[in-house]
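First the structure, in the form of structure tokens, and then the observations on it.
The values are calculated or read from the model by the stated rules, or taken from the named source; none is laboratory data. Model, not experiment: these values are computed from the prediction. Ideal geometry is used to build each Cβ from the backbone, glycine not excepted, and the neighbour counts take in all protein chains shown. Note: accessible area is taken over every heavy atom of the protein model, side chains too, but ligands, DNA and RNA are not part of it. Shrake-Rupley method; radii C 1.70, N 1.55, O 1.52, S 1.80 Å.
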Amino acid sequence: MVFALLKYGLSKAYPAREEIPRTPDLKSHYDVVIVGGGGHGASLAYHLAKHHGIKNIAILEKGYLGGGNTARNTTVIRSNYTDQRSIRFYARSLRLYEALSNELDYNMMYSRRGQLTLSHSDGVSRSLRLRADAGNFCGEANEIVDRKQIKDLVPSLNLDIKGMPILGGLWHPNAAIARHDAVVWGYAIRACERGVELHQRTEVVGMDVVGDKVTRVRTNRGDVSAGIVVQCVAGYSSVVAKMVGLKLPIRSYPLQAMVTHPIKPFLDPMVSSTALHCYISQSARGELVIGGSSDPYELYNTRSTLELKESLAASALEMFPFIGELKVLRQWAGITDMTPDYSPIMGRSPLSNYWLDAGWGTWGFKATPASGFFLAKAISDNRIPEEIQPFQLDRFERFDLVNEMGATAASH
């Protein structure tokens, strides 16, 4: 192995071709400036370039490609929501994920696992029944399962948790996981091949607004003008929107997760507990990925806490008592941008050339393909597609909310 590495290092094939181009100099003008180089920004750029012929695009990322929430999520992909409008949107995203490796010619490590949401009370069982019926009505597979079926799906799960025994659950067989880094890399590579410019370490520090238009985007590397500006900055949505004078109905909270050292595979489905506010899955490398609810206070910080680590460990042990000797490999946090109805904000802003991709909260990774696909179509056609009309900003003025507060056992 050592000799093979040395041989490669001395060969003409090294260094390998750089798939992500180095950051170029900023041009004075772009047709579209995308603020945020995560999954959503890269997806949008790719779809604009491939399907709509808009290639004079700059992605401005203050850190490195995919270094924000894209790198910090727990890679759950699902469509078992509550509102039919959400179900249809996330179902489309799930379908796009299924074909994404072929679409981008890049291995997403997509793995269909299924998701099991556990009920510990009669009230939760009724709410899971409503979610199952809503999903099935929209053509998405969902099934209410009893204790015996749960044991068949996850033989190692402790059904008799003290004080909160498992009564049943919601089984969503099409739920999956994918490699989050691969998703953003794949989109960015193919976008750059089509002429899109990726500007890493380029922080937007302000924007100039004249009338109802953003006329200039100011960065730490110089200023640019743009025909259209789109913000895709996840937890910093409110901060960036304030640069153009917009106050969004968004509050940002830290969301923590952790993984253990890898062990032999024993858990194929993703398991979520409504009472313990904890979910757990096993990665392709054997690590146990454990997450829970958002922190209870607003904060723009990605630090992790001992308190949450202890809480997640205690909940995971209730479900799988035999993992008590596992070591925690790492713990991290992202920043979730939460709206009042737990649904995203997509589409136009009150400014004529400023577009929003915000408010995803804990759902952002699941929507990466569909958000880019539909928002690109909206920008190109200057018309909001039917699929994302329910998620426009003015729904809060019209009191036409898309309530998804009950669409999860924990924040994922």
Write out, first by first residue and then by second, each pair whose Cβ atoms fall under 9 Å of each other, whose residues are 6+ apart or on separate chains, and whose first residue, in the range 329-343, is more than 18 Å from ILE250 (Cβ to Cβ) while the second is hydroxyl-bearing (Ser, Thr, Tyr) and not in a strand (DSSP E or B). ARG330/SER304; GLN331/SER304; GLN331/THR305; TRP332/THR302; TRP332/SER304
Are there any pairs, at least 6 apart or on different chains, whose C-beta atoms fall under 7 Å, with the first in the range 9-32 and under 22 Å from ILE57 (Cβ atoms) and the second open to solvent by 80 Å² or more (accessible area, probe 1.4 Å), and if so, which? THR23/ARG201; LEU26/ARG221
Could you go through the range 197-213 and let me know if any residue there is part of a helix (DSSP H, G or I), within 30 Å of TYR64 (Cα to Cα), of a type in the set (A, V, I, L, M) and within 22 Å of the chain's Cα centre (by Cα). no
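Yes or no, residue by residue, for (1) assigned to a strand (DSSP E or B); (2) surrounded by fewer than 21 Cβ atoms within 10 Å (Cβ to Cβ); (3) among the acidic types (Asp, Glu):
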| position | (1), (2), (3) |
| --- | --- |
| GLU318 | no, yes, yes |
| PHE322 | no, yes, no |
| LEU326 | no, yes, no |
| ILE335 | yes, no, no |
| MET346 | yes, no, no |
| SER352 | no, yes, no |
| LEU356 | yes, no, no |
Helices (runs of 4 or more DSSP H) completely within the range 1-103 that count 3 or more residues being closer than 30 Å to GLU143 by Cα: 84-98
Enumerate the pairs (first residue in the range 166-178 and assigned by the TED database to the domain that holds ARG126 and surrounded by fewer than 23 Cβ atoms within 10 Å (Cβ to Cβ); second residue anywhere and part of a strand (DSSP E or B) and acidic (Asp, Glu)) with beta-carbon separation below 6 Å, excluding pairs fewer than 6 apart on the same chain, so at least 6 apart or on different chains. TRP171/GLU143
Can you pull out the residues in the range 366-412 that are over 27 Å from ALA175 (Cβ atoms) and in a loop (DSSP other than H, G, I, E, B)? ASN382, ARG383, ILE384, GLN392, LEU393, ASP394, PHE399, ASP400
Would you please list the contacts, defined by Cβ atoms under 9 Å and residues six or more apart or on different chains, that run from a residue in the range 78-96 that is touching a residue at least 40 places away in the same chain (Cβ under 8 Å) and within 22 Å of TYR46 (Cβ to Cβ) to a residue that is open to solvent by 40 Å² or more (accessible area, probe 1.4 Å) and in a loop (DSSP other than H, G, I, E, B)? ALA91/GLY139
Any residue at all in the range 120-131 that is within 30 Å of TRP185 (Cβ to Cβ), assigned to a helix (DSSP H, G or I), in contact (Cβ under 8 Å) with a residue 24 or more places away in the chain and open to solvent by less than 40 Å² (accessible area, probe 1.4 Å)? no
When only residues in the range 239-268 that are closer than 20 Å to ALA314 by Cα and part of a loop (DSSP other than H, G, I, E, B) count, which is least open to solvent (accessible area, probe 1.4 Å)? LEU267
Within the range 136-150, track down each residue that is more than 16 Å from SER125 (Cα to Cα), open to solvent by less than 80 Å² (accessible area, probe 1.4 Å) and hydrophobic (A, V, I, L, M, F, W, C). CYS138, ALA141
Which one is farthest from GLY53 (Cα to Cα) among residues in the range 160-190 that are among the β-branched types (Val, Ile, Thr) and assigned to a loop (DSSP other than H, G, I, E, B)? ILE161
Exactly one of (1) in contact (Cβ under 8 Å) with a residue 24 or more places away in the chain; (2) surrounded by fewer than 23 Cβ atoms within 10 Å (Cβ to Cβ); (3) not aliphatic (A, V, I, L, M) is unmet by PRO385. Its number? (1)
Go through VAL224, VAL205 for me and flag whichever is among the β-branched types (Val, Ile, Thr), open to solvent by 30 Å² or more (accessible area, probe 1.4 Å) and in contact with a strand residue (DSSP E or B) (Cβ under 8 Å, 6 or more places away or on another chain). VAL205
Exception for ASN107 within (1) touching a Ser or Thr at 6+ places or on another chain (Cβ under 6 Å); (2) in a loop (DSSP other than H, G, I, E, B); (3) buried (at least 24 other Cβ atoms within 10 Å of the Cβ) falls at (3)
Which of the residues that make up the range 269-289 are of a type in the set (S, T, N, Q) and surrounded by fewer than 22 Cβ atoms within 10 Å (Cβ to Cβ)? SER283
Set SER93, SER101, SER86: member being closer than 30 Å to ARG330 by Cα, surrounded by 19 or more Cβ atoms within 10 Å (Cβ to Cβ) and modelled with pLDDT of 95 or more: SER93
